[in-house]
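**Student:** Here it is, the structure in full.
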Number of protein chains: 4
Amino acid sequence: MRPVPQSAVLLVSCADKPGIVASVTAFFARHNGNILDLEQHSDDESHLFFMRLEWDLRGFALTLDDVHREFQPIAQQFGMQWQLCRRDTRARVAIFVTREPHCLVELLARQRAGEWPADIPLVVSNREDLRGVAEQFNVPFHCLPVSPDNKSAQEAAAKALLKEHNIDLVVLARYMQIVTADFIRDYPNRMINIHHSFLPAFPGARPYRQAHTRGVKVIGATSHYVTEDLDAGPIIEQDIARISHRDSVEDLIRKGRDIEKIVLARAVTAHLEHRVLVHDNRTIVFQ
Amino acid sequence: MRPVPQSAVLLVSCADKPGIVASVTAFFARHNGNILDLEQHSDDESHLFFMRLEWDLRGFALTLDDVHREFQPIAQQFGMQWQLCRRDTRARVAIFVTREPHCLVELLARQRAGEWPADIPLVVSNREDLRGVAEQFNVPFHCLPVSPDNKSAQEAAAKALLKEHNIDLVVLARYMQIVTADFIRDYPNRMINIHHSFLPAFPGARPYRQAHTRGVKVIGATSHYVTEDLDAGPIIEQDIARISHRDSVEDLIRKGRDIEKIVLARAVTAHLEHRVLVHDNRTIVFQ
Amino acid sequence: MRPVPQSAVLLVSCADKPGIVASVTAFFARHNGNILDLEQHSDDESHLFFMRLEWDLRGFALTLDDVHREFQPIAQQFGMQWQLCRRDTRARVAIFVTREPHCLVELLARQRAGEWPADIPLVVSNREDLRGVAEQFNVPFHCLPVSPDNKSAQEAAAKALLKEHNIDLVVLARYMQIVTADFIRDYPNRMINIHHSFLPAFPGARPYRQAHTRGVKVIGATSHYVTEDLDAGPIIEQDIARISHRDSVEDLIRKGRDIEKIVLARAVTAHLEHRVLVHDNRTIVFQ
Amino acid sequence: MRPVPQSAVLLVSCADKPGIVASVTAFFARHNGNILDLEQHSDDESHLFFMRLEWDLRGFALTLDDVHREFQPIAQQFGMQWQLCRRDTRARVAIFVTREPHCLVELLARQRAGEWPADIPLVVSNREDLRGVAEQFNVPFHCLPVSPDNKSAQEAAAKALLKEHNIDLVVLARYMQIVTADFIRDYPNRMINIHHSFLPAFPGARPYRQAHTRGVKVIGATSHYVTEDLDAGPIIEQDIARISHRDSVEDLIRKGRDIEKIVLARAVTAHLEHRVLVHDNRTIVFQ
């Protein structure tokens, strides 16, 4: 079990101007808040400012509710969008799958090993294939089959389940169904997908087949927030593997699995550690 | 200086059937040809067979002319396409450039250091910018400016230069002009380009700008044989570098240069060592 | 489930001389054996020859017993060491663990997903920690605690278990005990370990602590056959991850896990596909 | 030519305590200094604080001399070690070489292409081999041959040359001589070496031979500051390349060159951009 830090995170974005860091850090200094990690990013083109600040709650003079109130004047002065999160708050994560087990096992095993301050109260699938895997980890498995006729009813059922379980984050772990815009809007920047190519190459169906046909020497995987544009949402993490002419489509699928699961796990970790901000369909992923 | 092996290479492609390797290797055993390296590839989908065989010329009983004649029956029996090349034959390479020096320096420095059994008798450009680099390496530099009016005259001049210098391989080392189909047909699988993205992502102009806009976490470079379809020829080599939200377009350009030059050099090396076969717009790159 | 090929593998090593490939391939051609994959390697320094040949059993005129007998003259002529293995023979694998679950989960999940033609009839540990993981996958878990007094009795018990279960391959998946020379000799080139550093850097205990102290920018993992020299056996596979000054020892441990499990899985895959030969404390890993 | 930013860098290290960032950033806010980039690092074990702050000189109310004076009270309050550097100050770099040209060409070509705000007024060697390369780039080449008898005289001559040319940074670009402790002390954290292995593996002579003998599957290169302990100084940058049993020692040397030159260039870039701090034989490399 990884010990969860007794700390909180402030995420900020606003127009860049002199004095932001000074004002924010003075606020924490005033209230005896030791800064554990501060990373800022100024975007040269948009002239926007982004910051992640993590501070120690031990010895800090305020409660988070106090911070919500007392930080308000600074936020207003600079026109900030901002969020506050305790690192030890456990997120509630739902996993959607179809047939491939590798990403599901990866996520369940990490949660079980205590890598994340998160609970996984349910797995949802349009097929029965992976019920055994979920049950192996004692996680309730909900099969909601999809047919041309019941698409919207199925999604309504899925949404009801998520609501019932107070889900914060939806992870599509090789879920082979298109999610509707309506569903996506309920989880803005809180629905993560893994696509089995280095996007924007090979979006859509059967990317390893496409990669084989094109004869690339490198395959990849991409984890991104889901938006209404298929496979075009903000990219959180990507990685690749070298391949050769010797690799058949089946070899690509097999080698690809190892990248997919690691890339997805890294993206979920970054999200759960409050390291990701989204602007203009791109992510800032603080380290 | 890297010593050039006293050896020759046989490259073969044909329909796959039992007995090919046995027939070919028996031929070399019969004439006392010690096989230094043999690599074969059977493509599961097309049922084609590809082979690269390198054998020692020291102690070998035949001349290459003899091989051309005496191997003919085996080639006919299996319906082979085949080529023979001595490893110590020096290839004649022309380099086309525009403004960016890094790939040109890389190629000239490797040739100068003796890494390749190749001569580079000329550098061609549509601009004057890199004359100094070519002259630094004592390689004649030919500036053939391109305007909307003189495109075909310029290409005719370039083709005449290549003919005059008996060029075997044309390398487009960040040459920022479209080459015509007519020109390309003169150098089938003998014209290598470096494109500054991991194709098929971001073909065409300004790939680093495109990559920045899309917010990818990985950039790449692709070296491929030039075909009439822009940036769509058979890929010889690709590699990538990790980037982050901190990287501006200028940073991508800078980091990309290091991949571009290494990827291009690897592709040229593979070609010059007779390790590349092309089938169906894909390459087999023997190791 | 990955379909297991109806094929067999011949692994050969002997002194290099002309005619080996011709003789071997002629043998298979004679008996209507279509070669699916042939890779050979001639070592320049030792003048040894290594080959892996995989051929189709469908339509092949001989049984494997026939091959054992009829190939004998060729093997003798060239002084070969050789092995024959059917690809569809299921190997029997035992996994040894201590406390860390990630490698164990990785191996069990791959076996369960049908990636390997292998059974895992037991997990052995010197502690109780991972009993739950083994049971989750319905694999019998044997806890054999080690104390200064019972080391040899514990090992005798372990050896008896392996014998009883006809184990072909022993995988030390973060087993934190030294295995005796006597035990190792029972599984020559059939006992695979994962060490959590890029050997030969940081052998022995606490490699991530060592890596942090040294301030490296890259960490790694190494999978190797176990020999009597600690962490010095033939390396099968290695890989690395980039790190920075921001990473604490705990971060290295966390990031290292992802490399360890993938590197170990790749090594086990190579072994189970009969792709590994050992010579002079080094491996030849055919592709 | 890469435009040099009109900015300056403050590098700070001190014992960690609350309020440092607030005090420093308030200083810059007070004088209208827009912060372009701020990265801090708190080391959990040593409880030390490190920071790199880059600010815009355009519109800034003070001169650097003013900063030296007015920042003093803050520095004293926190017991800081600190440095100030303008980004547009051109560093003076000397390169030491022996026989291998690839690193020298890499450094000279980058400087020539305007990648660094640096001049390279001389190349020093113990042999004549690379005179031609230096002359190609119009850089004076000084050959100071080393024999058992003249070691100290040679080093005295080298030191005199460096003094005469006001050298800020010494780069050992495959210089195959041991540098004395006395020489090293003149350039503390200002002498960068490239070692052709992933240290701490394979220090000392002939690392590729050592790597081949050990049978590793990955080779590397390491750039580090030179200290009195051979190949044991603070590591600035490392990278690796995958190899296989097919690679002879000569192949490792060839493949290694591509990593060596890129790793060395990255380390020199980080140093010249004032991104490196050293503590306890480890580096903090700000991004």
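FYI, it's all coordinate maths here, none of it is from the lab. Please read all numbers here as calculations on a predicted model, not as lab measurements. No Cβ is skipped: glycine too gets one built from the backbone with ideal geometry, and neighbour counts run over all protein chains shown.
**Student:** How are the Cα pair distances of chain C distributed, in percent, across 10 Å bins from 0?
**Tutor:** Here the calculated profile for chain C is 6, 25, 31, 23, 12, 3, 0.
**Student:** Inverting the mean 1/r over all pairs of different Cα atoms, compute the Kirkwood radius of region A:140-279 and quote it in Å.
**Tutor:** 16.1 Å
**Student:** What list do you get for A:E237, C:E128, A:E273 if you sort them by fewest beta carbons within 10 Å?
**Tutor:** Values: A:E237 26, C:E128 11, A:E273 17.
Ordered by Cβ neighbours within 10 Å, fewest first: C:E128, A:E273, A:E237.
**Student:** For B:T283, which sequence-distant residues (separation of 5 or more, or a different chain) have an amide H within less than 5 Å of its own amide H, given hydrogens modelled in the peptide plane?
**Tutor:** B:I235
**Student:** Taking each residue in D:159-171, count the Cβ atoms of any other chain within 10 Å of its Cβ, then average. What number comes out?
**Tutor:** Details: counts 0, 0, 0, 0, 0, 0, 0, 0, 0, 0, 0, 0, 0.
Whole-number average of other-chain Cβ neighbours for D:159-171 is 0.
**Student:** Report the gain in length on full extension from C:H68 to C:R185: 0.36 nm times residue separation, minus Cα-Cα distance, nm rounded to one decimal. Could you put the intermediate results ahead of the total?
**Tutor:** Working: separation 117, 0.36 × 117 = 42.12 nm, distance 2.58 nm.
Once the chain is fully extended between C:H68 and C:R185, it gains 39.5 nm.
**Student:** Across region A:153-164, in residue order, what do the Karplus-derived ³J(HN,Hα) couplings come to in whole Hz, using 6.51 cos²θ - 1.76 cosθ + 1.60 with θ = phi - 60° and x for Gly and Pro?
**Tutor:** 5, 4, 5, 4, 4, 4, 4, 5, 4, 5, 5, 4
**Student:** Can you work out ³J(HN,Hα) from phi for every residue in region B:182-192, in order, using Karplus 6.51 cos²θ - 1.76 cosθ + 1.60 and θ = phi - 60°, giving whole Hz and x for Gly and Pro?
**Tutor:** For region B:182-192, the Karplus curve yields 4, 5, 4, 5, 6, 10, x, 6, 9, 10, 10 Hz.
**Student:** Would you mind pulling out the separation of the Cα centroids of region D:16-57 and region A:6-49, in Å?
**Tutor:** 11 Å
**Student:** Could I ask something else about it? Return the calculated 222 nm mean residue ellipticity for chain D, to the nearest 500 deg cm²/dmol, obtained by summing -39500 (n - 2.57) across DSSP H runs with n ≥ 4 and dividing by the residue count.
**Tutor:** Value at 222 nm, helices only, nearest 500: -10000 deg cm²/dmol.
**Student:** Would you give the gap between the C-alpha center of region D:127-154 and the C-alpha center of region C:89-118, rounded to a whole Å?
**Tutor:** Region D:127-154 and region C:89-118 have Cα centres spaced 58 Å from each other.
**Student:** Identify all lysines with a Cα-Cα distance to B:K151 below 20 Å; exclude those on the same chain that are fewer than 8 residues away in sequence.
**Tutor:** Reachable lysines: B:K159, B:K163.
**Student:** Among D:S223, D:G204, D:H102, pick out the residue whose Cα is farthest towards the positive end of the charge dipole of chain D, where Lys and Arg carry +1 and Asp and Glu carry -1 on C-beta, about the Cα centre.
**Tutor:** D:H102
**Student:** Relative contact order for region D:91-285: what percent, with Cα pairs under 8 Å and sequence separation of 6 or more? Can you show the working numbers first?
**Tutor:** Numbers: 350 pairs, mean separation 37.6, N = 195.
Answer for region D:91-285 is 19 percent.
**Student:** Once amide H atoms are built 1.01 Å from N in the peptide plane, which residues 5 or more positions from D:A118, or in another chain, come under 5 Å H to H?
**Tutor:** Result for D:A118 returns D:A91.
**Student:** Still on this structure, please answer the following. Please state the equivalent ellipsoid semi-axes for region B:99-142: what are the square roots of 5 times the Cα gyration tensor eigenvalues, largest first, in whole Å?
**Tutor:** Details: eigenvalues 64, 23, 13 Å².
They are 18, 11, 8 Å, listed from largest to smallest.
**Student:** Still on this structure, I have one more. Using alpha carbon centroids, what distance separates region B:236-273 and region A:187-229, in Å?
**Tutor:** Between the Cα centres of region B:236-273 and region A:187-229 lies a distance of 21 Å.
**Student:** Could I ask something else about it? List, in order, the whole-Hz ³J(HN,Hα) value for each residue of region C:61-67 obtained from phi through the Karplus relation with A = 6.51, B = -1.76, C = 1.60 and θ = phi - 60°; use x for Gly and Pro.
**Tutor:** 7, 10, 8, 5, 5, 4, 4
**Student:** For peptide C:33-40, how many partner chain Cβ atoms fall within 10 Å of a residue's Cβ, on average? Mind showing how you got there, number by number?
**Tutor:** Values: counts 3, 6, 9, 3, 4, 8, 6, 6.
Counting Cβ atoms of other protein chains within 10 Å of each residue's Cβ and averaging gives 6.
**Student:** Please average, across the residues of B:240-246, the number of beta carbons from any other chain that are within 10 Å of each residue's own beta carbon, and give a whole number.
**Tutor:** Details: counts 7, 0, 5, 1, 7, 11, 10.
Averaged over the peptide's residues, the number is 6.
**Student:** Highest mean first, how do D:259-267, A:43-51 rank when packing is the count of other Cβ atoms within 10 Å averaged over residues? Could you put the intermediate results ahead of the total?
**Tutor:** On the way: D:259-267: 23.9, A:43-51: 16.0.
Answer by packing, highest mean first, reads D:259-267, A:43-51.
**Student:** Collect residues whose amide H, placed 1.01 Å from N in the peptide plane, falls under 5 Å from the amide H of A:R174; neighbours closer than 5 in sequence don't count.
**Tutor:** It is A:I194, by chain and number.
**Student:** So how long is each side of the protein assembly as shown along the principal axes, counting just the alpha-carbon atoms, biggest first, in Å?
**Tutor:** The Cα atoms of the protein assembly as shown stretch 87, 71, 69 Å along their principal axes.
**Student:** Antiparallel as a % of all DSSP beta bridges within chain A, to the nearest 5?
**Tutor:** On the way: 38 of 54 bridges.
About 70 percent, rounded to the nearest 5.
**Student:** While we're on this one: Given R₀ = 22 Å, FRET efficiency for D:E45-D:Q83 by Cβ-Cβ distance, to 0.05? List each step's numbers first, then the result.
**Tutor:** Values: r = 24 Å, r/R0 = 1.07.
With a Förster radius of 22 Å, E is 0.40.
**Student:** Next question, about the same structure. Exposure proxy check: B:D149, D:D88 ranked by fewest other beta carbons within 10 Å? Could the numbers behind the result be given before it?
**Tutor:** Values: B:D149 8, D:D88 13.
Ranking B:D149, D:D88 by Cβ neighbours within 10 Å, fewest first, gives B:D149, D:D88.
**Student:** To continue, here is another question. Projected area of region C:7-86, taken from the Cα convex hull and averaged over every viewing direction, in nm²? Display every interim value, and only then the final one.
**Tutor:** Values: hull surface 18.6 nm².
Taking the Cα atoms of region C:7-86, their convex hull projects to 4.7 nm² on average.
**Student:** Assign one of three labels to region C:119-186, namely rounded, prolate or oblate, based on the Cα gyration tensor with a ≥ b ≥ c the square roots of its eigenvalues; rounded applies when a/c is under 1.5, prolate when it is not and a/b is larger than b/c, and oblate otherwise. Please list the in-between numbers first.
**Tutor:** Details: a/c = 1.85, a/b = 1.25, b/c = 1.48.
Cα axes put region C:119-186 in the oblate bin.
**Student:** Still on this structure, I have one more. Pairs C:K217/D:K217; C:K255/D:K255; B:K255/C:K217: which exceed 24 Å Cα-Cα? Let's see the in-between values first.
**Tutor:** Numbers: C:K217/D:K217 18 Å; C:K255/D:K255 27 Å; B:K255/C:K217 18 Å.
From C:K217/D:K217; C:K255/D:K255; B:K255/C:K217, over 24 Å: C:K255/D:K255.
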